[in-house]
Amino acid sequence: VQLQASGGGLVQAGGSLRLSCAASGRTFSSYSMGWFRQAPGKEREFVAAINWSGGITSYADSVKGRFTISRDNAKNTVYLQMASLKPEDTAVYYCAAERGGRGATVSIGYSYWGQGTLVTVSS
């Protein structure tokens, strides 16, 4: 599967942004999906994950209550709705996919990665 992330940009603190990750292929609904981010000088970290049906989601503590992951299997797309953004949310955001599973919270749980989209939150 090939992944294309989009929707990043510059937003003021407190604002909102929605990221999208479009997947190729006819078997998208069999994949669990995740969002990760990497800030300058830091390691890549888990943000959110969702299982194949959308019935199971998980979030990093740092984004819980502010970010929402969802998916539309008919459109082969997973979304990350981000609200109440903070400057520390600034990072390149990556989507990832893995066949089956519940939605891993670690990067090694994913075999497929998108190219990343930059989110910059100004104070």
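The values are calculated or read from the model by the stated rules, or taken from the named source; none is laboratory data. The structure displayed is predicted, hence computed values, not measured ones. Here the Cβ positions follow ideal geometry from the backbone for every residue, glycine too, while neighbour counts run over all protein chains shown. In case anyone asks, the SASA skips ligands and DNA or RNA and just uses the protein heavy atoms, side chains included. Shrake-Rupley method; radii C 1.70, N 1.55, O 1.52, S 1.80 Å.
Quick notes on this one:
- Neighbours of T90 by Cβ distance under 11 Å: Lys/Arg scored +1, Asp/Glu scored -1, total +1.
- One chain, two ends: S122 and Q4. Fully extended at 0.36 nm per residue, the span grows by 40.0 nm beyond their Cα-Cα distance.
- Candidate aspartates and glutamates - alpha carbon under 13 Å from K86, same-chain residues fewer than 8 apart omitted: none
- Among the GluC sites (Glu not before Pro) in the range 1-99, those placed in a DSSP loop whose Cβ has at most 10 other Cβ atoms within 10 Å are E43.
- Antiparallel %, DSSP beta bridges [both residues in the chain], to 5: 90 percent
- FRET efficiency for T105 and N73, using Cβ-Cβ distance with R0 set to 22 Å, rounded to 0.05: 0.55
- Here the chain exposes an accessible surface that is 48 percent carbon and sulfur, computed with a 1.4 Å probe and the other protein chains kept in place.
- Heavy-atom accessible area per residue - the chain, 1.4 Å, Å²: 50 Å²
- Packing rank of 105-111, 68-74, where each peptide gets the mean count of other beta carbons within 10 Å, highest leading: 68-74, 105-111
- Taken over the chain, the percentage of Cα pairs per 5 Å bin, counting from 0 up to the bin with the maximum distance, is 2, 13, 24, 27, 19, 10, 4, 1, 0.
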